[in-house]
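> After the structure tokens below, expect a handful of questions from me.
The values are calculated or read from the model by the stated rules, or taken from the named source; none is laboratory data. Keep in mind that what you see is a predicted model, and the values were worked out from it rather than measured. Cβ: placed from backbone, ideal geometry, glycine included. Neighbour counts: every protein chain shown.
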Amino acid sequence: MAEYNLFITNTTRTKVPVLPFATLKEAVLGKEYELSLVFVGEAKIKELNLAYRDKDMPTDILSFTLSDTSGEIFICPSQAEKKSTEFDRDSNNFLQFLFIHGMFHLKGMEHGSTMEKAEKKIREKFDL
């Protein structure tokens with residue numbers, strides 16, 4: 001998927017569903033932004049969460065800005081599956097929801113009403 005400057009890696013034993021990650025990425029970050037999306041297990045996401053956020057527990061998603069035009073998103077599918085029920089979403093819908101959320105963090109947004117409005121606009125565009 002290099003034509004969209006999106007590079008997807010799955011380091012888990014879980015099969016990652018085919019979802020419109022490239023289309024979502026283009027809608028939020030644009031074509032030129034280089035994004036690495038990595039699916040990891042609970043041990044790896046916990047390690048990253050501890051190293052970068054000082055939280056010694058697994059999480060569902062982490063976003064890292066590398067430059068103004070590149071970043072990385074790590075998603076833990078097993079954690080996302082657990083959290084999907086809290087948001088009353090099926091797992092595929094929630095993965096897309098998380099991906100959108102992570103990309104807005106890469107754009108420099110923090111949790112709050114501005115970020116929620118921007119996310120909602122994209123979710124509505126893609127019927128999520």
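> What number of residues in the stretch 62-81 are surrounded by 14 or more Cβ atoms within 10 Å (Cβ to Cβ) and over 9 Å from the mean Cα position of the chain (by Cα)?
Residues meeting the conditions: 9.
> For Lys31, indicate whether it is crowded, with 17+ Cβ neighbours inside 10 Å, under 21 Å from Arg123 (Cα atoms) and not hydrophobic (A, V, I, L, M, F, W, C).
No; evaluated as a whole, the condition is false for this residue.
> In the stretch 78-110, which residues are under 22 Å from Leu6 (Cβ atoms), assigned to a loop (DSSP other than H, G, I, E, B) and free of Cβ contacts under 8 Å to residues at least 60 places away in the same chain? So that I can check it myself, show each step before the final result.
Step one: filter the stretch 78-110 for residues under 22 Å from Leu6 (Cβ atoms), giving 79-80, 91-109.
When the remaining residues are screened for being assigned to a loop (DSSP other than H, G, I, E, B), the result is 107-109.
Within the stretch 78-110, Gly108, Met109 qualify.
> Hey, among the residues in the stretch 108-126 that are of a type in the set (Asp, Glu) and out of contact with any His (no Cβ under 7 Å at 6 or more places or on another chain), which one's nearest to Thr23 (Cα to Cα)?
Restricting to residues being of a type in the set (Asp, Glu) and out of contact with any His (no Cβ under 7 Å at 6 or more places or on another chain), the top hit is Glu124.
> Which of the residues belonging to the stretch 111-128 are assigned to a helix (DSSP H, G or I) and either buried (at least 17 other Cβ atoms within 10 Å of the Cβ) or within 16 Å of the chain's Cα centre (by Cα) (or both)?
Quick first cut of the stretch 111-128, residues assigned to a helix (DSSP H, G or I) only: 113-125.
Met115, Glu116, Ala118, Glu119, Lys120, Ile122, Arg123 - these are the residues of the stretch 111-128 that are assigned to a helix (DSSP H, G or I) and either buried (at least 17 other Cβ atoms within 10 Å of the Cβ) or within 16 Å of the chain's Cα centre (by Cα) (or both).
> Something else now. Looking at the stretch 48-59 only, could you name the residues that are at negative phi, free of Cβ contacts under 8 Å to residues at least 24 places away in the same chain and either outside any loop (DSSP other than H, G, I, E, B) or not basic (Lys, Arg) (or both)?
If the condition is that a residue be at negative phi, free of Cβ contacts under 8 Å to residues at least 24 places away in the same chain and either outside any loop (DSSP other than H, G, I, E, B) or not basic (Lys, Arg) (or both), then Asn49, Leu50, Ala51, Tyr52, Arg53, Asp56, Met57, Pro58, Thr59 are the ones that fit.
> Here's a follow-up. Would you be able to say whether some residue in the stretch 36-47 is in a loop (DSSP other than H, G, I, E, B), surrounded by fewer than 16 Cβ atoms within 10 Å (Cβ to Cβ) and in contact with a helix residue (DSSP H, G or I) (Cβ under 9 Å, 6 or more places away or on another chain)?
Initially, the stretch 36-47 is screened for residues in a loop (DSSP other than H, G, I, E, B), giving 40-41.
Now restrict to residues that are surrounded by fewer than 16 Cβ atoms within 10 Å (Cβ to Cβ): none.
Scanning the stretch 36-47, I find no residue that is in a loop (DSSP other than H, G, I, E, B), surrounded by fewer than 16 Cβ atoms within 10 Å (Cβ to Cβ) and in contact with a helix residue (DSSP H, G or I) (Cβ under 9 Å, 6 or more places away or on another chain), so the answer is no.
> Moving on. Take the residues in the stretch 99-110 that are hydrophobic (A, V, I, L, M, F, W, C) and at pLDDT 95 or above; name whichever of them is nearest to the chain's Cα centre (by Cα).
Of everything passing the filter in the stretch 99-110, Phe99 is nearest to the chain's Cα centre (by Cα).
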